[in-house]
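*Asks:* The structure that follows is given in the form of structure tokens.
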Amino acid sequence: MKRICLLFLSTLVLSNSPQAQNRTGRKIRLLPISPSPRASLQISFATIPGASTDPHPYPWPESSPEEQGLDSSVIERAYDQALKLGYVDSLLIVKNGWLVGERYFNSRNRYSADDIRSVTKSYINSLVGIALGHGYLFGLDQKMIDFFPEFRSFVQDRRILDITIGHLLQMRAGYPFDPDAELFGQALNSKDPMKSAALWPLAADPGRAWGYSNLSSHLLSGIITKATGMSALDFANVYLCGPLGVTIQKWDRDSQGYYFGAGGMNFSPRDMARFGHLFLSNGFIDGRQILPPDWVKDSTRKLSDQVTWFQKHFTDIGYGYHWWMAKAAGVDVYFAGGHGGQNILVIPESKMVIVTTADGEVSPQQSGAQINAIYDLIANYLLSPFKALEGPGPYFPADVRASKVWNRGLAYREYVNVLTWKPNPRNAGERIVKHRIYKRTGDQLWFLTDVDAGAMEYWERKVEKLTGYTYAVSAVAADGRESVPAYVSTRYPTDWN
């Protein structure tokens, strides 16, 4: 149960033919996306696949970063930082539908598939949307208890009867705040986990307050099963993963056979990126409308903003339908996040998807530290530089580095932070007159000084021996335009006495 309790801080390849073969041979209805009631839909048939462990991830078309308007040196610095962190297992970047960056660490490779933890919740979102589009569900105002009539006689708090699918998707059903999945773990340990989840004592009236709830996500998995007559895995295989050409390598179930709605899915990073690209494409991909046309817009609209997580690195945090949204380095993003640092970030402005996976077998405290560090990496090494490269210029300085030195020639010890950089060749058409140096504290940049463009170096003296700082260096053109800064941190020395 330890792994289950860490869920937050914690698809099968089918033929496009409706006659795709599989191991089970059981028949299900395959319905076209349509806003019409179920009775008006035309019904065709397809077989349900069994659980696949196909090790081949989605075969992304690959491109160099430069061909998509990016800078490979920036991506290399992001890889270097990921390697230094030690717990990052993968970092992938998709731009304009092309895989432009892919790096694995800790003996992982493109075939590795791990538990994506609470990123699972955003897949549950897509299954709800697909069920609505295919007429298995009729609206988000449907009551949760209607899908579990066997629980109705056990309801003591009448407010539970008012909980809707929409409340569950928004994390506003009234269930207690459960970021570490402790309550979810308790429910899973009961004889009837779904019943325990549905009848769990409420902390607020349905619809009144936001509270991160793993119980809500698991109930949505149960609703999908009840409404479609298929397990959540079977439904995902036919309507989501098959069309996307991706594979659920594994998905954990509770003792009653319901697949976990709060976590437990195992995907390769390439397949995770494919899911992010589906949302970037508004649910339409490879000539098929997999998600209802407005589902992505509805799901990634900020419906709750009293959210305090990630404030150090991401700002303006909000929550929609099992997706987070925020500003990072001034860029609007929405993302699926999971315990330890599993992430699918979608950046519509740049037409990018960024995927990270990381060590998930850690405590909630360590998970929080890892998540913050990974978001820092994304904001500082990817989003800020990429935004600068796509802007009107000038571009940030190239190959920005930092180090510490001890000036032994003085009567007293003088510790110095040294920043160095090179001219960015992309600025060849610009007249760069100076570079601007900042020191970063939290999300604030504090101006230190301007350095002549020809210097390419800055020393900050009388720095404490063991103090590390994050600096930012920007380029300023003759007309006053300033680039987005390049961030760099001083290293801790190991050979000082």
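*Asks:* Hey, among 137, 161, 99, 132, which residue is aliphatic (A, V, I, L, M) and within 18 Å of residue 82 (Cβ to Cβ)?
*Replies:* Values: 137 fails: within 18 Å of residue 82 (Cβ to Cβ); 161 fails: within 18 Å of residue 82 (Cβ to Cβ); 132 fails: within 18 Å of residue 82 (Cβ to Cβ).
The unique qualifying residue is 99.
*Asks:* Further question: Under 9 Å between Cβ atoms, which residue pairs at least 6 apart in sequence (or on different chains) link something in segment 180-207 that is basic (Lys, Arg) with a partner that is modelled with pLDDT of 95 or more?
*Replies:* Qualifying pairs under 9 Å: 191/255; 191/256; 195/148; 195/150; 195/151; 195/154; 195/187; 195/256.
Okay, residues lined up against (1) of a type outside the set (Gly, Ala, Ser); (2) closer than 17 Å to residue 118 by Cβ:
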| position | (1), (2) |
| --- | --- |
| 325 | yes, yes |
| 336 | no, yes |
| 342 | yes, yes |
| 348 | yes, no |
| 356 | yes, yes |
| 361 | yes, yes |
| 371 | yes, yes |
| 375 | yes, yes |
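*Asks:* Is it the case that segment 158-172 has a residue that's part of a loop (DSSP other than H, G, I, E, B) and in contact with a Pro (Cβ under 9 Å, 6 or more places away or on another chain)?
*Replies:* yes
*Asks:* Could you go through segment 72-91 and let me know if any residue there is touching an Asp or Glu at 6+ places or on another chain (Cβ under 6 Å) and within 28 Å of residue 232 (Cα to Cα).
*Replies:* No, the conditions are met nowhere in segment 72-91.
*Asks:* Condition first: at pLDDT 95 or above and of a type outside the set (D, E, K, R). Can you find one or more residues in segment 305-319 that meet it?
*Replies:* Yes, segment 305-319 contains a residue that is at pLDDT 95 or above and of a type outside the set (D, E, K, R).
*Asks:* Moving on to the next point. I need the full set of residues from segment 144-157 which are part of a loop (DSSP other than H, G, I, E, B) and either among the aliphatic types (A, V, I, L, M) or modelled with pLDDT under 95 (or both), in order please. Break it down stepwise before answering.
*Replies:* Step one: filter segment 144-157 for residues part of a loop (DSSP other than H, G, I, E, B), giving 148, 155-157.
Listed by number, the list holds a single entry, 155.
*Asks:* Now for a different question. Take the residues in segment 75-84 that are of a type in the set (A, V, I, L, M) and touching a Leu at 6+ places or on another chain (Cβ under 7 Å), then tell me which one is nearest to residue 359 (Cα to Cα).
*Replies:* Selected residue: 82.
*Asks:* Moving to a separate point now. Does residue 119 meet the test of being part of a strand (DSSP E or B) and touching a strand residue (DSSP E or B) at 6+ places or on another chain (Cβ under 7 Å)?
*Replies:* no
*Asks:* Being surrounded by 24 or more Cβ atoms within 10 Å (Cβ to Cβ) and modelled with pLDDT under 95 is the filter here, so list the residues in segment 351-369 that pass it.
*Replies:* Scanning segment 351-369 gives a single hit, 367.
*Asks:* To continue, here is another question. Quick one: how many residues across segment 57-88 are modelled with pLDDT of 90 or more, over 21 Å from the mean Cα position of the chain (by Cα), surrounded by fewer than 14 Cβ atoms within 10 Å (Cβ to Cβ) and not charged (D, E, K, R)?
*Replies:* Residues in segment 57-88 being modelled with pLDDT of 90 or more, over 21 Å from the mean Cα position of the chain (by Cα), surrounded by fewer than 14 Cβ atoms within 10 Å (Cβ to Cβ) and not charged (D, E, K, R): 2 in total.
*Asks:* Follow-up. Residue check: is residue 358 over 24 Å from residue 477 (Cα atoms) and in contact with a Phe, Trp or Tyr (Cβ under 8 Å, 6 or more places away or on another chain)?
*Replies:* Judged against the criteria, residue 358 is a match.
*Asks:* Sort through 133, 166, 139 and tell me the only one that's surrounded by 18 or more Cβ atoms within 10 Å (Cβ to Cβ), farther than 26 Å from residue 58 by Cβ and assigned by TED's automatic domain parsing to the domain that holds residue 352.
*Replies:* One residue alone meets the criteria, 166.
*Asks:* Could I ask something else about it? Which residue pairs have Cβ atoms closer than 8 Å, lie 6 or more positions apart in sequence or on different chains, and pair a first residue in segment 84-104 that is assigned to a helix (DSSP H, G or I) with a second residue that is at pLDDT below 95 and surrounded by fewer than 22 Cβ atoms within 10 Å (Cβ to Cβ)?
*Replies:* The qualifying pairs are 85/373.
*Asks:* Checking the structure you have, find out if any residue of segment 474-486 is small (Gly, Ala, Ser), surrounded by fewer than 19 Cβ atoms within 10 Å (Cβ to Cβ), modelled with pLDDT of 90 or more and in a loop (DSSP other than H, G, I, E, B).
*Replies:* Yes, segment 474-486 contains a residue that is small (Gly, Ala, Ser), surrounded by fewer than 19 Cβ atoms within 10 Å (Cβ to Cβ), modelled with pLDDT of 90 or more and in a loop (DSSP other than H, G, I, E, B).
*Asks:* Of everything in segment 246-266, what is more than 16 Å from residue 186 (Cβ to Cβ), touching a strand residue (DSSP E or B) at 6+ places or on another chain (Cβ under 9 Å) and not hydrophobic (A, V, I, L, M, F, W, C)? Give them in sequence order.
*Replies:* Within segment 246-266, 247, 249, 250, 252, 253, 259, 264, 266 meet the criteria.
*Asks:* Follow-up. Would you point out the residue of segment 418-432, among those that are within 34 Å of the chain's Cα centre (by Cα) and either of a type in the set (Lys, Arg) or in a loop (DSSP other than H, G, I, E, B) (or both), that is surrounded by the fewest Cβ atoms within 10 Å (Cβ to Cβ)?
*Replies:* Restricting attention to segment 418-432, the residues satisfying the condition of being within 34 Å of the chain's Cα centre (by Cα) are 419-427.
If we keep only those that are either of a type in the set (Lys, Arg) or in a loop (DSSP other than H, G, I, E, B) (or both) as well, we get 422-424, 426.
Working: 422: 12, 423: 17, 424: 24, 426: 17.
Within segment 418-432, the match that is surrounded by the fewest Cβ atoms within 10 Å (Cβ to Cβ) is 422.
The values are calculated or read from the model by the stated rules, or taken from the named source; none is laboratory data. All of these numbers come straight from a predicted model, not from anything done at the bench. So basically every Cβ, Gly included, is an ideal-geometry build from the backbone, and we count neighbours across all protein chains shown.
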